[in-house]
Each structure stands twice: as C-alpha cells, then as structure tokens.
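J.: Here it is: the structure, laid out below.
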Amino acid sequence: MSGDEGKRLRDDLRAFAREREWERFHVPEQLAAALAIEAAELQEVLLWKSREQVDAFLETPEGRERIREEIADVYIYLVRLCDVCDVDLDAAAREKMTRNREKYPAREVASEAREGVFTKRDSG
Ligand SMILES: [Mg+2]
C-alpha cells in the first residue's frame, strides 16, 4: 500500500500477527478465505432487507456501527493479504481501473444503464 497511513496500517497488522505468532496462519489461502468470510458477514448485515430498509438501517447508530465494523474486517484482511502476497493495493487497483475503463466505455455503458441494463463483460 502506498501512502503513510496505508503503510502504518500494513505495519500495524504485520506486528499484530507477529506478536501473536499468527504469521504461520497468515498464508495467502487462509487470508483469502478469511477475506471472503468477512465479505459474507458484510452481506449478512444487509441480508433480506429491502432497499428502503437498508437506507433506514444505515441511518441508525447501530446500523452504522455494524456496517463499519464489517467493512473494517474486510479491509484488514485485504491489507494483510496484499502484504503477504507483496501486492501494492493502490497500484493494482489503479491498473485494474485502467482496464475497466477500456472494458466498459462510459458513453456506451451509460447509454445501456439509462435503459436499466447492465451487461457484465467477460471475467476478470
Ligand atoms: Mg466480521
């Protein structure tokens, strides 16, 4: 991760694992699974709620705290996974956005979106 705050968080998470002797568990396959599980927990917070119920939930202190906590869990595992895999998250995301701009040309896709259509274009 780039940026001082990002590096501080990465280093703090690295130290957190080292101090607990969890480094042996923090391997890519385990961290990827933990990330997916936390993403599912994030979905669970919003599960079976209507669009309106989600909006109302997110305006409550409890709802804000629940979503904030699960987003933090996802982010923590993502940052930790990037550290273990030696991936610069910001650079990877910027490169992916460059490819996404080519894959989803704004004028073409916005025209479809106005008609309520979203077409996912090949995987990746
Ligand atoms: Mg969680």
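J.: Go through the stretch 73-102 and give me each residue that's out of contact with any helix residue (DSSP H, G or I) (no Cβ under 9 Å at 6 or more places or on another chain), part of a helix (DSSP H, G or I) and without any contact (Cβ under 8 Å) to a residue 24 or more places away in the chain.
T.: Of everything in the stretch 73-102, those that are out of contact with any helix residue (DSSP H, G or I) (no Cβ under 9 Å at 6 or more places or on another chain), part of a helix (DSSP H, G or I) and without any contact (Cβ under 8 Å) to a residue 24 or more places away in the chain turn out to be ALA93, ARG94, GLU95, LYS96, MET97, THR98, ASN100, ARG101, GLU102.
J.: Counting only residues that are more than 16 Å from the ligand (Cβ to nearest atom), of a type outside the set (Phe, Trp, Tyr) and touching a residue at least 24 places away in the same chain (Cβ under 8 Å), give me the helices (runs of 4 or more DSSP H) lying completely in the stretch 1-71 with at least 1 of them.
T.: Result: 4-19, 28-46.
J.: Moving on to the next point. Among the residues that make up the stretch 87-100, is at least one of them within 16 Å of the ligand (Cβ to nearest atom) and at pLDDT 95 or above? It would help to see each step written out before you state the result.
T.: The initial filter retains those residues of the stretch 87-100 that are within 16 Å of the ligand (Cβ to nearest atom), namely none.
Within the stretch 87-100, not a single residue is within 16 Å of the ligand (Cβ to nearest atom) and at pLDDT 95 or above.
The values are calculated or read from the model by the stated rules, or taken from the named source; none is laboratory data. It should be emphasised that the depicted structure is a prediction, and the values quoted were computed from it without experimental measurement. Every residue, glycine as well, gets a Cβ built from its backbone with ideal geometry; the counts of neighbours run over all protein chains shown.
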